[in-house]
Amino acid sequence: MKSRALIIMAVAFFVAVMLIPMPAPAAAAPDEKGPQAWQFEFTPYVFGSSLSGTTGVGRVTAEVDGSFSDIVENLDSGFMAKFEARKGPWGFLFDGVYFKLKDQKTASWQGPGGVGTADGSLEATMTEQIYQLAVSYRTLDSASKLDLIGAARYTKLDTELDLAVTAPPVLPGGTRSLSASESWWDPVIGIRVTVPFAEQWSFVGYADVGGFGAGSDVTYQAIAGVNWQFSKTFAAKVGYRYFYQDYENDGFVWDMAAHGLYLGLGIGF
């Protein structure tokens with residue numbers, strides 16, 4: 001809980017700093033499309049995350065503590081991309097994440113009566129899909145920009161827990177494999193701030209929170225990064241992202257944080 005509180009305070013501090021008025025850099029050439037024309041940006045990206053938390057199926061829960069190297073080693077497939085369409089103060093955003101981790105060793109697992117081990121003998125195969133649809137409204141549109149965001153986030157999870165040893169203990173029911181699938185929607189509210197600090201360079205801060213018991217108990221994320229607009233069409237994007245979900249339903253548990261660096265390429269048109 002302390003770490004979550006620190007993250008929230010850090011995000012609040014970052015947003016407050018970003019809102020401090022700063023001298024505007026040299027004016028760029030006016031947008032040839034005009035302020036009321038549609039503008040689009042597609043951004044494929046890589047999220048080099050670590051994964052830590054608890055996943056559970058039925059009466060068995062497992063602790064996951066995978067570093068970025070572990071994730072890369074066990075990554076079966078993955079794709080991540082964002083798309084944004086904007087006209088005037090209004091924006092429409094889509095963010096999609098798909099990944100499948102196969103045979104990720106767990107740090108420990110726990111079953112009924114405390115049966116379990118801490119030797120990585122239980123492996124987890126996890127497929128997660130996260131799709132977020134959002135609407136933004138720009139309340140500040142000068143050198144610095146401030147967007148208020150309302151979104152709906154869809155999550156689909158398929159989890160399979162497998163014993164990787166032939167000796168006891170076994171999972172409840174005498175089986176060596178348990179699996180379950182869950183999906184849910186979360187309402188989300190957020191804020192995004194962009195502040196230029198040099199020609200073609202800008203800070204980006206983003207924070208959101210959601211769930212509120214409608215789907216997950218709580219979900220939130222925070223992003224702090226830098227964008228480099230190195231041409232009229234392309235922008236390099238790099239930063240740090242923290243994403244957390246806490247969901248539980250009928251024995252299915254997903255209390256997990258993904259955090260690490262991201263790297264993307266924005267393609268404007």
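The values are calculated or read from the model by the stated rules, or taken from the named source; none is laboratory data. Since the structure is predicted, the reported quantities are computational estimates derived from the model, not experimental observations. We place every Cβ from the backbone using ideal geometry, glycine too, and count neighbours over all the protein chains shown. Note: areas computed on protein heavy atoms with side chains; ligands, DNA, RNA excluded. Shrake-Rupley method; radii C 1.70, N 1.55, O 1.52, S 1.80 Å.
Condition (residue is modelled with pLDDT of 95 or more, surrounded by fewer than 18 Cβ atoms within 10 Å (Cβ to Cβ) and outside any strand (DSSP E or B)) applied to segment 248-260: is it met by at least one residue?
No - not one qualifying residue is present in segment 248-260.
Across segment 197-219, what is the number of residues that are part of a strand (DSSP E or B) and either among the small types (G, A, S) or over 17 Å from T139 (Cα atoms) (or both)?
Count: 11.
Quick one: is A222 in a strand (DSSP E or B) and closer than 30 Å to S121 by Cα? Before you say what the answer is, go through the steps one by one.
Details: in a strand (DSSP E or B): yes; closer than 30 Å to S121 by Cα: no.
It is false that A222 is in a strand (DSSP E or B) and closer than 30 Å to S121 by Cα.
Identify all residues within segment 49-69 that are open to solvent by 50 Å² or more (accessible area, probe 1.4 Å) and more than 22 Å from D250 (Cα to Cα); write none if there are none.
Scanning segment 49-69 gives D65, F68, S69.
Among the numbered criteria (1) touching an Asp or Glu at 6+ places or on another chain (Cβ under 9 Å); (2) in contact (Cβ under 8 Å) with a residue 60 or more places away in the chain, which single criterion is violated by G211?
Here G211 meets the rest and fails (2).
Could you grab me the full set of residues in segment 197-208 that are out of contact with any Lys or Arg (no Cβ under 9 Å at 6 or more places or on another chain) and in contact (Cβ under 8 Å) with a residue 60 or more places away in the chain?
F197, A198, E199, F203
Only one of these conditions is not met by G91: (1) more than 18 Å from the chain's Cα centre (by Cα); (2) modelled with pLDDT under 80; (3) open to solvent by less than 50 Å² (accessible area, probe 1.4 Å). Which number is it?
(2)
Name the residues in segment 221-240 that are of a type outside the set (A, V, I, L, M) and open to solvent by less than 20 Å² (accessible area, probe 1.4 Å), would you?
If the condition is that a residue be of a type outside the set (A, V, I, L, M) and open to solvent by less than 20 Å² (accessible area, probe 1.4 Å), then Q221, G225, G239 are the ones that fit.
Cβ contacts < 6 Å: first residue of a type outside the set (D, E), restricted to segment 114-129; second residue surrounded by fewer than 15 Cβ atoms within 10 Å (Cβ to Cβ) and modelled with pLDDT of 80 or more, any location; separation 6+ or different chain. Result?
Q129/K156
Could you grab me the full set of residues in segment 144-164 that are part of a loop (DSSP other than H, G, I, E, B) and at pLDDT below 95?
The one that is part of a loop (DSSP other than H, G, I, E, B) and at pLDDT below 95: A164.
Being buried (at least 18 other Cβ atoms within 10 Å of the Cβ) and modelled with pLDDT under 95 is the filter here, so list the residues in segment 165-209 that pass it.
The answer is L171, L178, A180.
Could you list, in sequence order, the residues of segment 25-48 that are at pLDDT 85 or above, open to solvent by less than 80 Å² (accessible area, probe 1.4 Å) and in a loop (DSSP other than H, G, I, E, B)?
A37
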